[in-house]
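Reading through the structure tokens given below for one structure.
The values are calculated or read from the model by the stated rules, or taken from the named source; none is laboratory data. Quick caveat, the model's predicted, so the values are computed rather than measured. Please note: Cβ atoms are built from the backbone with ideal geometry, for glycine as well, and neighbour counts cover all protein chains shown. Just the protein is used for accessible areas: all its heavy atoms, side chains included, with ligands, DNA and RNA removed. Shrake-Rupley method; radii C 1.70, N 1.55, O 1.52, S 1.80 Å.
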Amino acid sequence: PPPPRSVVVTAPQNGGGEGEEGERMAKGEERHGAWSIGCFVTLETTLESDPLVQGQVFCYDDRTKVLVLLEGNKNSFSLGEKEGYDLRMLSVNFVKRVVTAEHLQDNSKKQMNKPLPYVCTKRTEQREAKALQEAKKRADQIGVGVTREAQRIFDSVNKTLPCEWKGKDIVVIGEVTIVAPYGVENCSVVAGAEKTLQQVVKVLSS
């Protein structure tokens, strides 16, 4: 069967707190069988970005308290149907309550017991390397010790022309340098790159 379309790692944003139900389930005090493999669940969470999560239980790791759900069409969750599916990883500590839990019929349980989908390790390693490369690229675009306004200006110019930080100075494709406080009058240009300067000035003036 094909791999999932995507993997969604659900994490708290803006201080999403832990839910009491999730705490009890994580401690093993109360599960109601909701974490049974193949069970269709609707979960209310404490996360602002995903207050309601629906899916089919793919697995549950008791050590890390992480629940993995299959998300997609409820009628085609048999790991590799044409419509595909997404995987969501969710810490049960952020489950506020189990809204619904629908267990599989016997024939559906047999379907869930099929071998796991094939995982191409080479492709996984390539995706990991690409993700690390992109993460490093994003990290390099964040100025160190600069103001929020300076970062905003960098991001604005970088949308049009590739930029890099040189200390606290913004260097645009090696031709234009913008120094603090990053206004039009704070730009310097190498000979012959006046067109690049014009583009930078246009962004700074907008």
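Could you please find all residues in region 155-172 being surrounded by fewer than 14 Cβ atoms within 10 Å (Cβ to Cβ) and more than 21 Å from GLY145 (Cβ to Cβ)?
Across region 155-172, the qualifying residues are LYS159, THR160, PRO162.
Every residue in region 109-151 that is surrounded by 11 or more Cβ atoms within 10 Å (Cβ to Cβ), under 30 Å from VAL179 (Cα atoms) and either at pLDDT below 85 or not acidic (Asp, Glu) (or both), please.
Of everything in region 109-151, those that are surrounded by 11 or more Cβ atoms within 10 Å (Cβ to Cβ), under 30 Å from VAL179 (Cα atoms) and either at pLDDT below 85 or not acidic (Asp, Glu) (or both) turn out to be GLN141, ILE142, GLY143, VAL146, THR147, ALA150, GLN151.
What do you reckon, is GLY84 in contact with a Lys or Arg (Cβ under 6 Å, 6 or more places away or on another chain), modelled with pLDDT under 80, open to solvent by less than 90 Å² (accessible area, probe 1.4 Å) and outside any helix (DSSP H, G or I)?
Values: in contact with a Lys or Arg (Cβ under 6 Å, 6 or more places away or on another chain): yes; modelled with pLDDT under 80: yes; open to solvent by less than 90 Å² (accessible area, probe 1.4 Å): yes; outside any helix (DSSP H, G or I): yes.
Taking the combined requirement at face value, the residue satisfies it.
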